[in-house]
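Data first, discussion second: the structure below is written as structure tokens.
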Amino acid sequence: MAETNAGPGPVALVGSGEYLPSMAPVEGRLLEGRPPRYVQLATAAVPDGPEVVARWHDLGRAQAERLGVEAVIVPVASRDDAQDPAMAALVEGAGLVYLSGGDPHFLADTLRDTLLWRAIVGTWRGGAALAGCSAGAMALGAWIPSIRHPQRSATAGLGLFARLGVVPHFDAFGRWVPDFLTRMVLPDEDAVTVLGIDEETALVGGPSAWRVEGRASVWRLNAARREQWPAGTAVELALG
């Protein structure tokens with residue numbers, strides 16, 4: 001088994017596409033040089049029902065098989081589950097921990113200050129890669145916007161990055177809701193960096209050196225303008 005690297009591993013903030021064949025190269029690179037143990041949490045999908053959660057579990061297993069690594073499902077549906085030492089133990093030895101999509105507010109509220117979240121952070125600090133897609137990416141920051149009701153106040157994320165806010169599916173929102181960004185209540189850009197991440201696209205790296213991977217772009221957003229970073233762009237970005 002490969003040994004994890006000293007210090008925190010890379011982070012991937014993904015706009016959409018977890019476990020799809022098109023995103024397998026991104027997930028595979030995150031696992032390079034790390035234990036072939038792919039830990040997966042579909043907790044954000046719990047409000048959508050058990051059939052949806054089961055679908056995410058099936059997709060995750062299929063992606064792990066595609067990559068030739070072990071899939072480890074962490075079936076956390078509540079804060080009680082997240083406080084279970086047996087659930088936290090499943091994270092040990094991970095090469096990659098992945099938080100998939102659904103409801104970011106539910107995900108953050110379920111994991112915050114729990115044994116499981118501390119295990120995830122500790123494993124990442126020990127060298128494992130950490131990825132969040134859509135709701136998973138949103139929950140990793142300090143600021144979670146209200147996507148369905150953009151004029152409502154944002155809520156607190158898990159705060160792994162103290163100055164980060166993520167708007168996933170960003171190119172799709174431009175098609176679905178053309179005035180979405182003008183309706184959204186954006187935070188003070190000196191306090192929070194808001195990133196729009198297009199579908200099947202990821203910002204990968206950390207703590208300050210990042211690269212855009214996937215099919216489209218990452219966007220830095222503020223009230224006055226958008227700054228576009230196409231795939232392949234290297235970015236220096238301090239997210240706290």
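Quick note: the coordinates plus some simple rules give every number you see, no bench work behind them. What you see is a predicted model; the values in this text were computed from it and never measured. Note that each Cβ is placed from the backbone with ideal geometry, even for glycine, and that neighbours are counted across all protein chains shown.
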Query - ³J(HN,Hα), Karplus 6.51/-1.76/1.60, whole Hz, each residue of the range 226-233, x for Gly, Pro - result: 10, 10, 9, 10, x, 3, x, 6
Requested in this report: Calculate the dipole size of the chain relative to its Cα centre from +1 charges on Lys and Arg beta carbons and -1 charges on Asp and Glu beta carbons; express the result in debye to the nearest 20.
Outcome: 340 debye
Query raised in the report: Which entry in (1) 49; (2) 46; (3) 35 is this structure's computed percent of Cα pairs over 25 Å apart?
Result: (3)
Report summary line: Length-normalised contact order of the chain, Cα under 8 Å, at least 6 apart, in percent, tallies to 21 percent
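Have a look at the DSSP beta bridges in the chain and tell me what percent are antiparallel, nearest 5.
Details: 23 of 44 bridges.
Given both bridge residues lie in the chain, the antiparallel proportion sits at roughly 50 percent.
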Requested in this report: Mind listing the long-range amide H neighbours of GLU70? Cut-off is under 5 Å, sequence gap 5 or more, other chains count too, H placed in the peptide plane at 1.01 Å from N.
Outcome: ARG37, TYR38
Query raised in the report: Can you give the helix-only mean residue ellipticity at 222 nm for the chain, where every DSSP H stretch with n ≥ 4 adds -39500 (n - 2.57) and the sum goes over all residues, rounded to the nearest 500 deg cm²/dmol?
Result: -8000 deg cm²/dmol
Query - Estimated inter-spin distance, ALA234 and ARG211, nm [label 7 Å along Cα→Cβ] - result: 0.9 nm
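How do 130-140, 12-22, 111-121 rank on mean C-beta neighbours within 10 Å, highest first? Let's see the in-between values first.
On the way: 130-140: 27.9, 12-22: 22.8, 111-121: 18.7.
Packing order, densest peptide first, comes out as 130-140, 12-22, 111-121.
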**Report entry** Pairwise centroid distance, computed over Cα atoms, of the range 153-175 with the range 88-116, Å
**Finding:** 17 Å
